[in-house]
Each structure stands twice: as structure tokens, then as C-alpha cells.
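Below is one structure, written out as C-alpha cells, with a few remarks after it.
Please treat every number below as a calculation from the coordinates, not as lab data. These numbers were taken from a predicted model, which means no experiment stands behind them. Cβ sites come from the backbone with ideal geometry, for glycine too, and all protein chains shown count toward neighbours.
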Amino acid sequence: MEKLKVFISEFEKQINKKISFGIAPWGREGEVDYCLPLKELSEDQQKQFISGAKDALQMAQWVHYSENVPCRK
């Protein structure tokens, strides 16, 4: 989770925009989903963000991601 938080913060500084996101806890052992609609970003910035997030988390264990699906409530 820390790697994702750091990536989001660095990306925000790079593009000079705040990225809104939600956190949905769902598991007994601290599992959470990060919901990032990325509506404040252009299509190109969205692609850059997704690519960068995947790179930042490629070595993280137990990380799964989905695109274009509704967030858990």
C-alpha cells in the first residue's frame, strides 16, 4: 500500500493535479481496494498513471488490479 501511496503522490506532483481515490476495506486481514476513477486526468495521463502504477507494483506480492469495473462499496 505504501508503494501505491508514494506513486500517487509523486504522480500528482508531476502533473500538478490532485488525484481523488477511495479505499474500500473488505477483508478480515486488512485487505482493501483502492478505487481510482481518474476522472481528473486526460486520457493520455490516465494511460501514464496506469502504466506507472503497474510498474511501481510489479514486485508487490498479493496485489491484484482491475480496470473499468465498479468499486466495492
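The residue among Gln48, Ile19, Gln61 whose Cα reaches farthest toward the positive pole of the charge dipole of the chain, with charges on the beta-carbon of Lys, Arg, Asp and Glu, is Ile19.
How large is the charge dipole for the chain, taken about the Cα centre, if only the Cβ atoms of Lys, Arg (+1) and Asp, Glu (-1) carry charge, to the nearest 20 debye?
180
When Kirkwood radius over Cα pairs in Å is computed from the coordinates, the matching label among (1) 13.1; (2) 14.3; (3) 14.0 is (1).
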